[in-house]
Structure formats: C-alpha cells, structure tokens
Amino acid sequence: MNFFVIGVNHRTAPVEVRERFAIPESRLPEALEKLLSLEGVEEGMIVSTCNRVEVFARSRNGNCDLKEFVRNYYGFKPGEFEQYCFEHDHLEAVKHVFRVASSLDSMVVGESQILGQVKEAYATARAVGAVQSQLDMLLSRAFAVAKKVRTDTAIATSSVSIASVAVELAEKIFGSLQGKSVYLVGAGKMCELAARHLLAHGAAKIYVANRTYERALGLASKFHGEAIPFDNLYETVAKADIVISSTGAPHTIFRKEHGEKFLAQRRNRPMFFIDIAVPRDIDPGLNDLDGIFVYDIDDLQQVVKAHIGDRKREAERAESLVEEEVSRFQQRLQTAEVVPTLVSLQEHLETLRQAEIDRMRGRLGQLTPEQESAVEALTRSIINKIMHTPITTLKSAAREQQESATTVVEVVRKLFNLHAPKAPEAQRDTREQQQEVAVSAGQQNTGVTNPKA
Amino acid sequence: MQPIYLLWLRVAAVLYGLGFIYVLSQLRSKNAPLSRFAVPTVGLGLVFHFVSIVETTYFNGYQHLLDIRHAESALALLIMIIFMGVFVRYRTTSPGVFVLPLVFFLTVASAVFQRPADMSSSPMLRSGWIFFHVSTLLIGYAALFLSFVSSILYIFQARSLKAKVQPGWLSKLPALQVTDELGYKALLIGFPFMTVGLIAGMIFASEKFGASYFGDPKVVLSLLMWGVYMLLIYTRWSAGWRGRKAAYLATFAFAAAVCAWAANYLSRVHRFVAP
C-alpha cells in the first residue's frame, strides 16, 4: 500500500502560506505531469482549494520523496516550507483521503463542498492519466465512504450559520417555504442575507420597509420585492409569514398588542419573527402568543451552537466508520494483489493439463466417452489436490500483513515460473472479473478451475 | 380449538407491542430514525391484523363487527391504516407515540377477551342499517383520534419552538403547519362519517325503542361528542383556531368519544351483542 500525501491545509498553514501553494485549475495538468516524473511515482493527484493544497501519490517501490516535488515545483528553499506541511504515508494516507472526502477534515465539519472539490481533482487527474489503478481504487472507495458517512451519520444535517438556522426554523413552522412571504424591517446586510436564504428555499414574496424609503426601494428591487413606506408598517406586516427585523431603533417596534392584532388579521395563521437587531426590535412577550414565534440573535446563535455540538458528536461516529473502512480497504487491496497471481497460476496449470491430455490422446487413440470423462476427472482432481495448499496460503497471506503477502506472491511466481503481473491498465479493467473468479474458486475450495468456465 | 384468526390477531398485538416499546425507547434519541425498526414491525403487525379481520369476516359474516371485542379490533386496524398512510405521505412516525399504545391496547383487549361471535340470538342486529351505523362510526372515531393526536403534537412542537430547545423526538416531528393540516383534514373527513353514522343509529333506534332511547347515557354522550366535533370544525373554519385552544377542544372531544365508547358498558338499550 504505497500511498503518500503531502500538503498544507487550514490547520497547518495560515492563508498567506496556503496562497503560495495554491495551483490554479488550468495549471493542474502540468503540475501532475511534474509529479509523475518524480522518482518512483506511479500515480498522482492534486487537490487545490482555498482551505487545502494536497498532493497524493502512489509509488512503485514503497518510497517517494514528495518534499522534493514541492521543492522543485514551487522553487522553495529547503527549510522554507516544511514547518507548514503535513505528511502521511501508507495506511495513514488512506485514512487521510477518507477523512478529507467525508468532510471530517474540513474547517466546518460536515460541509459538502469538499467532496465535490476532491471529485473534480480526481477527474482532472484521471483525464491526464495520472490516476489509473490503485489510486483509482482508493478514490472510488473514498467517495463511497463519504456517501456512507453522509447517510449513516447526521454530520451534515444541521445548519451552522445564522441565516441557515433561520431557514431551518421557518421550515419547522411552515413546512415548505413555497409561497410564503417575507417582510424585512430595516434594510441591513444581515436582513438581506437571511432573505436571500429564504428565497433560495422557495419563499415567494419580499416586502421591505425602512425609515429611509429609498433604501427600502433599493433592497426591494434586488429581490423584485415591494417597498413599503415605514408609516404603513403596522397595517402591512400581517401579510407576511416571516418577519425579519434589524432596525437601529432604540426601542421595540413590535409589542404584544401588535402581535394580537396581526393574529386576528391572519385568522391565527402562525407568524415567525426573527429579530437580529441589537437593541432588540421585538418585545419578547410576543413569543407568548399562540401562533407567534420570536427568535432573537442570541436564540439563533444558541441553535447554531447546539448544532455544532451535534456535529461534533456525529463526527466521532464518522471517525470510527472511517477507521473501519480503512482496514477494509487494506484487505481489499491485498486481495487485489494476490488475485492476479492466483488467476495466472490457475491458467498455467490448466494449460499444462490440456497439453498433457492432448499428448496422451495421440498415444491412446480414440477413448469412449466414459474413459474420456474419467481422464478429465482424474487430471482435474490431481491438480486440485496439489494446488489446495498453495492457494489457501496465498489467500491467507492476502488477509495478513502486506509484506508477507508480497513475499508469498513472489515465491509462488518463481516456483511456477509465472510471468509478471499484467500492466496496471489491463489489471484495472479485469479487476472485478478476477475477484469473482477468486471468490468462486474459494467457495468450492478446489484449486484449479478454468477461469473462463 | 381457537380459530386461526385469533392467532393472527395475537401475533399482530405482539408486533404492535414491540413497535410501541421501540418508539418509547427512542423518545430521547435525536439520531436513530424512529422508522428503521418500528415501521417494518408494526407494518407486519398490520398485515397479520388485516388477515385476521378478513378471516373473521369470512367465517362469521359482517355482523361480527357488532361484538365489542371485534369492533375494538376493527377500530385499531383503521387507526393503524391511517397511521401508515400518514407515514407514507409525510415520512413521520411521531404520531406513533400516541397511536401505538392505543392500538396496542385495543388489539390486546380484542385478542384476549374475544369470543367466537354468535349472531343467531339477535335477528334485529342482522339489519344492514346496524352495520352501516357501526362502520361509519368506527371511521369517525379513528379520524377524531388522529386529529386529537395531531393537536397534541402541535402543542408539543409549538412549545418546543417557543422554548427554543428541541429535545429528542420533537426534532423529528413534521412541520407545525403539516401537523395542523393533518389534524384539520382528519376532522373534515371524519365528521361526515360520524354524522351519518349517528343519524343512522338514531333512525334505527327511534323506530325500535321510541323516544325513551334519547335519555340513554350512550346517546347523550354521543351527541355531546358530535357537538364538540362540530365546534372544533367551526372554530377552526371561522377563526382559524389552532394550537392551545384547538387542542383543549380536541381533548374534550376525544374524552367525550372515549366516554361514548365506554358507555356501551353502562347503557341498557345500546349494547353490543356480547354481554
């Protein structure tokens, strides 16, 4: 398992440093080419986003000096960059890839963007042929793990920004926001942001009221909404399902008696007030009315905090899931190493057997069908008996440590004079098929079956 | 020998019980979806239950519904069907917190105390009117119960939204407006059944027993229930009552319904066939 990774991310390096590492998308192919030309590197991939620049590689012989690549590519002097870099190899590198793809390594754990970014980097590397066999396996597995983490844990379900929490709460009250209207009181930045989120989730209509009517007009025109003179505020608010207030007024704007009036006008349909002004615009007493829900900035922040806590707990579950997947992947990879040998061993013996039968046929002349099948059975069973131990050894080697597997594979190849494994490209195409063959051979616990049978 | 349909009914009762226990155990959890275990279990229970009722009907005819133990089973089945329908439509099992215990107890009562229905004694009860009366009222009861559950859930959720904490199962409830619509729809669908069923019963009874029938506790309670039922719909329709006020009314209607159901044991005239 000769995987290596080097890189900088939001944990190891400040943005000024990450900037220097960033590789624009247009220059990625060229960088990949450089990477592949590095001594020992067989495959490679580079992920470059605003939070991380990471270089992945698989080496032929178990070592490769990615630091050298960094030095050469960026033209850094030795000692200039090492302190900002992290490095992982072998299993640790596998785990790292899984964690990055599953968004466990992100600044906001559980955000979904990173998976898309890794997928893009993968596509780029594949297009230039830098990802072929085992790295390909690793990444497809990483994407599967990411998906599993997403569905099996609640890591990505809770919102962690004020605006998205506002949307989430609104959806808890109204279900779908389709057709709901939003009233902005005050034309501040936060108001605009929250409104944008609500619109993106289906809210239909925006009203804006502001002390300065021009600013209301300006904001309303951004959303194709309706600007309302501030004097008409109380007559019109009941039209809206969601009210976001952020004026600079020193006193409250909405009091309990207003709320009662709104409810009567709306025939008790619920209303959601979001108060992001400090000092507050909305009397907390409004929250006591049946059907009116008031959240101020602290309430929203509290929800955000709780969600972050949830995510942390879920992240722990996700971590153990990743651990499991890493060891599963290790096993898979080792099987993948043994399978080609198994298959060529089986092919080799089958050819020998066929050749011997043909030779014998020349001497014995025409056989009866009974004799024919007896000879078949005899030769097959001899080979199966002899091959039983080598094959079980190969298989158990695949389950054990990497080193011993490699040794056993080499010994078997030498003993039976088998040719070197196929080229990586071909190996990838037939990987699934070979695994199937191996599995069926294992189930019958016979050694030699014709792979084509 | 016990008839086979009784066995199916008992299996169903056990499955409902399991679902109920599971739902209870999940109350405090936010993550594990309630539906992963509960829905397959009670769904299987529903299948057994359905088979049981079909077989009972096959062996005994429709009149078995007039036995209170059989009526309990039928009511439980109706409620379960609605519960599953709500699950399919809204992907929520939260009503299960209230629905499953009731269904479980109804089914157990039916499965334990049930006797083979004997209809021969009472030719009066063979009338189609009676069957119509009972089945429409069962639907009415089921719908009323659902709207009661919805309004309770509505209150719970409104309260947790106001308190700004979302503990355990509350975070999995459907949106407030969805719960509200669910309850209102249940009312609107249930009301005509309830009305028609009561009218059918009254026509039938006044022919048989005359005016004295209307002093019967069962009848009084049924009328009370119907009155509250109508009030619920009216306040909702005219003033948009929901939340606390509506829930009080719904609770009252439900209590009246329970009493009306229980009055079968008190009533002299209105009796199910079994003693």
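Bear in mind these aren't lab numbers, they're just calculated from the coordinates by the rules spelled out. These numbers were taken from a predicted model, which means no experiment stands behind them. With ideal geometry, Cβ positions are generated from the backbone for all residues, glycine too; neighbour counts draw on all protein chains shown.
Of note:
- Rounded to the nearest Hz, the phi-derived 3J(HN,Hα) couplings of the range B:230-239 under the Karplus curve 6.51 cos²θ - 1.76 cosθ + 1.60 (θ = phi - 60°) are 5, 4, 4, 5, 5, 5, 5, 6, 8, 10, where x marks glycine and proline.
- Förster radius 56 Å - calculated FRET efficiency between A:E16 and B:L44, Cβ distance, rounded to 0.05: 0.35
- Length-normalised contact order for the range A:162-290 - Cα pairs under 8 Å, 6+ apart - percent: 25
- Dipole of chain A, positive direction: furthest Cα of A:S59, A:I382, A:V167, with charges on the beta-carbon: A:I382
- The range A:1-46: C-alpha gyration tensor shape, a/c 1.5 cut-off, then a/b vs b/c: oblate
- Stokes-Einstein translational diffusion, chain A - Kirkwood Rh over all Cα pairs, 0.692 mPa s, 37 °C, in µm²/s: 120
- As a calculated quantity, the FRET efficiency between A:T407 and B:V165 at R0 = 51 Å, using C-beta atoms, amounts to about 0.25.
- Size of electric dipole in the range A:305-401: Cβ of Lys, Arg +1 and of Asp, Glu -1, about Cα centre, debye, nearest 20: 140
- Estimated FRET transfer efficiency when R0 is 56 angstrom, pair A:A374-B:M84 (beta carbons, to 0.05): 0.35
- From its DSSP helices (H runs of at least four residues, each -39,500 (n - 2.57)), chain A gives a residue-normalised ellipticity at 222 nm of -18500 deg cm²/dmol.
- For the pair A:S26 and A:K414, the difference between a 0.36 nm per residue extended length and the Cα-Cα distance amounts to 135.0 nm.
- Binned Cα-Cα distance frequencies in the range A:257-341 - 10 Å width, integer %: 15, 24, 17, 13, 12, 10, 8, 3, 0
- With 26 Å as the limit, the listed pairs A:K261/B:K172; A:K34/A:K414; A:K239/B:K162; A:K222/A:K305; A:K222/A:K261; A:K312/B:K164 have A:K261/B:K172; A:K34/A:K414; A:K222/A:K305; A:K222/A:K261 beyond it between alpha carbons.
- Cα long-axis angle, helix A:369-399 against chain A (0 to 90 degrees, to the nearest 10): 50
- To the nearest ten degrees, helix A:402-416 and the longest principal axis of the Cα atoms of chain A are 30 degrees apart.
- Relative contact order (%) - criterion: Cα under 8 Å, at least six apart; region: the range A:3-152: 30
- Simple Cβ-charge dipole of the protein assembly as shown, Lys/Arg +1 and Asp/Glu -1, about Cα centre, in debye nearest 20: 1880
- Based on Cα contacts under 8 Å between residues 6+ apart, the range A:92-160 shows a relative contact order of 40 percent.
- Over the range A:162-290: Kirkwood hydrodynamic radius from C-alpha pairwise inverse distances, Å: 14.4
- DSSP beta bridge pairing in chain A, given as percent antiparallel to the nearest 5: 45
- Shape call, the range A:3-152: gyration tensor on alpha carbons, a/c limit 1.5: oblate
- Cα lying deepest toward the dipole's positive end in the range B:189-253, options B:M230, B:M194, B:V219, charges on Cβ: B:M230
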